[in-house]
Structure formats: C-alpha cells, structure tokens
Amino acid sequence: MDKRDIAPNILMDDPIMGEIHSMIDEIMIYAIEEFHSVLTNIMENMRVELNVSDEWMNRLYDSWLCWTIFCFHEKHTSKTIYQQFLQYNREKWIDKSIAIQKLLYQWNHLKPGIYVVGSDYSIGENYTFIDIVEGKVNSVILRQRKTRINQGDMVIGFLLPYRQGHYLSIGKTCLIPNILTNQVSLAVLSYFSKHAASSRFTESLYPALSAIAIHTVEQHL
C-alpha cells in the first residue's frame with residue numbers, strides 16, 4: 001500500500017496539514033505493522049462472506065481497511081485498532097494542540113457511509129456529499145488525481161471529521177457513475193431498512209451495504 005494514497009486529502013494552506021499527515025501515517029503504520037494478520041484475516045473473511053470479487057475488492061480495499069482500523073471492535077479487547085493506537089501513544093498527545101486533540105477524539109466515533117455527490121464548488125477538491133441513508137449533507141475535501149467525479153455520482157469511501165462541518169477523504173474512493181445511482185440507492189436502502197436496528201446509520205452494516213452497492217452495479221452492467 002502506498003502511504004500517499006492513505007494520507008488525507010486536505011487544503012495545502014491549512015496550518016495543521018503537516019500534523020494531520022503525520023498522524024494518519026502513524027496510525028496506518030501502527031495498524032499494518034502490529035495487526036497485519038488480523039487486518040488480512042478480517043478483510044478476507046468479509047470478501048468471502050459478502051462474495052466480493054478480486055476486482056471490486058481492489059476498489060473497496062482502502063475503505064474496508066479504514067473501517068477495520070477505526071470501526072471494528074476486537075473481541076478480546078472490545079477496542080478498535082485505532083483506540084489501541086491512541087492508548088499505546090497516549091503520552092505523545094499531551095503536548096498536541098487542542099485542535100489536534102479534538103480531532104483524535106472525534107476519530108473515535110466515526111460513521112462511515114455511502115454518498116451521492118451533490119455538487120462541486122471549487123477547483124476539483126471540494127464537494128458536497130449526501131449520505132444516502134441519513135440524508136446528511138457533508139462538505140468534503142477530496143482530491144481525485146485519476147478519476148473525475150461528477151454531480152450525481154455515488155461514492156463509497158471513508159471520511160474523517162476535519163474542521164467544523166467539514167470532512168476529509170482518506171484513501172481511495174470507489175466511484176459509481178450517476179446513471180446507476182438510483183438503482184444502487186434503492187438496493188442499499190432496502191437492505192438497510194431490513195437489517196438496521198434504527199433509522200440511524202450503523203457502522204457495523206458498512207461492509208454489507210458497500211457489497212450490496214457493488215453487486216447492484218454488477219447486475220446492471
């Protein structure tokens with residue numbers, strides 16, 4: 001995995017850009033070095049259980065990796081890998097700025113989602129992402145170096161809270177063209193309504209919902 005793909009996409013003039021890059025690098029290095037077999041086993045089990053092809057697994061890999069690090073609670077610790085990372089490095093965060101400490105705390109409570117692109121309003125980095133389950137509108141800082149994103153496209157990816165009301169992308173996103181957005185949204189919402197305990201998005205459903213999305217795409221290709 002290339003760390004340049006995992007590092008968050010943020011505005012270059014942000015004063016805490018360097019610190020955030022470093023934090024993301026540290027989290028990923030810690031997770032991959034200390035939990036490599038755990039990550040591999042969890043993600044391979046998900047791929048097999050949800051019947052995801054190798055091709056689609058390559059597209060979903062970064063978002064599933066982030067889900068496994070930030071959202072999956074290990075049975076023997078009841079903690080996520082990210083929470084264990086914070087505990088292991090707790091003395092390092094004491095001298096960090098309040099802004100950084102708040103971000104680290106916020107990343108303890110992530111709610112991944114599947115989004116429709118509402119609009120882009122800058123030079124290709126800033127977008128409005130609408131969560132298809134909760135309807136929440138998110139202002140997202142996103143850099144797509146290889147793929148153009150259009151209004152109405154669907155994005156399966158992982159967002160981290162950043163500034164107030166803003167999010168940043170982490171890793172590669174899986175893009176579904178807007179001609180399939182309606183079909184995919186209907187399939188995802190149908191699955192969600194049958195399996196969710198409430199109307200709120202449950203992070204444990206994220207792998208299954210993303211798999212439903214890509215299976216729907218396959219059916220309409």
List the DSSP H helices in the chain whose Cα atoms stretch 15 Å or more along the helix axis and whose mean Kyte-Doolittle hydropathy is at least 0.0.
-> 17-34, 181-195, 206-220
Mean Cβ count within 10 Å, highest first, over the residues of peptides 101-111, 180-190 = 180-190, 101-111
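Run the helix sum for the chain: -39,500 (n - 2.57) per DSSP H stretch of 4+ residues, divided by residue count, reported at 222 nm to the nearest 500 deg cm²/dmol.
Working: 8 runs with 100 residues, N = 221.
Taken over the chain, the calculation gives -14000 deg cm²/dmol.
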Taking the Cβ-Cβ separation of HIS73 and LYS194 as r and a Förster radius of 35 Å, what is the calculated FRET efficiency to the nearest 0.05?
-> 0.90
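Full extension from ASN58 to THR181: what is 0.36 nm times the residue separation minus their Cα-Cα distance, to one decimal in nm?
The ASN58-THR181 span can extend by a further 42.2 nm.
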Just list whichever of LYS96/LYS172; LYS136/LYS194; LYS111/LYS172 have alpha carbons separated by over 26 Å in the model shown.
-> LYS96/LYS172
So what are the three principal axis dimensions of the chain from its Cα atoms, in whole Å, longest to shortest?
-> 51, 43, 34
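Could you sort 38-49, 57-68, 130-141, 85-96 so that the peptide with the highest average Cβ count within 10 Å comes first and the rest follow in order? Let's see the in-between values first.
Details: 38-49: 14.7, 57-68: 21.2, 130-141: 16.7, 85-96: 12.2.
So the order, starting with the most tightly packed, is 57-68, 130-141, 38-49, 85-96.
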Between GLU26 and ASP95, with labels modelled 7 Å along Cα→Cβ, what's the label distance in nm to one decimal, could you check?
-> 1.1
Rounded if a/c under 1.5, otherwise prolate or oblate - the stretch 159-200, Cα gyration tensor axes | oblate
Carbon and sulfur atoms account, in whole percent of the 1.4 Å probe accessible area of the chain, for 51
The local net charge around ASN51, scoring Lys/Arg +1 and Asp/Glu -1 for residues other than ASN51 whose Cβ lies under 14 Å from its Cβ, equals -4
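The values are calculated or read from the model by the stated rules, or taken from the named source; none is laboratory data. Quick caveat, the model's predicted, so the values are computed rather than measured. Cβ sites come from the backbone with ideal geometry, for glycine too, and all protein chains shown count toward neighbours. Please note that ligands, DNA and RNA were not included when accessible areas were found on the heavy atoms of the full protein model with its side chains. Shrake-Rupley method; radii C 1.70, N 1.55, O 1.52, S 1.80 Å.
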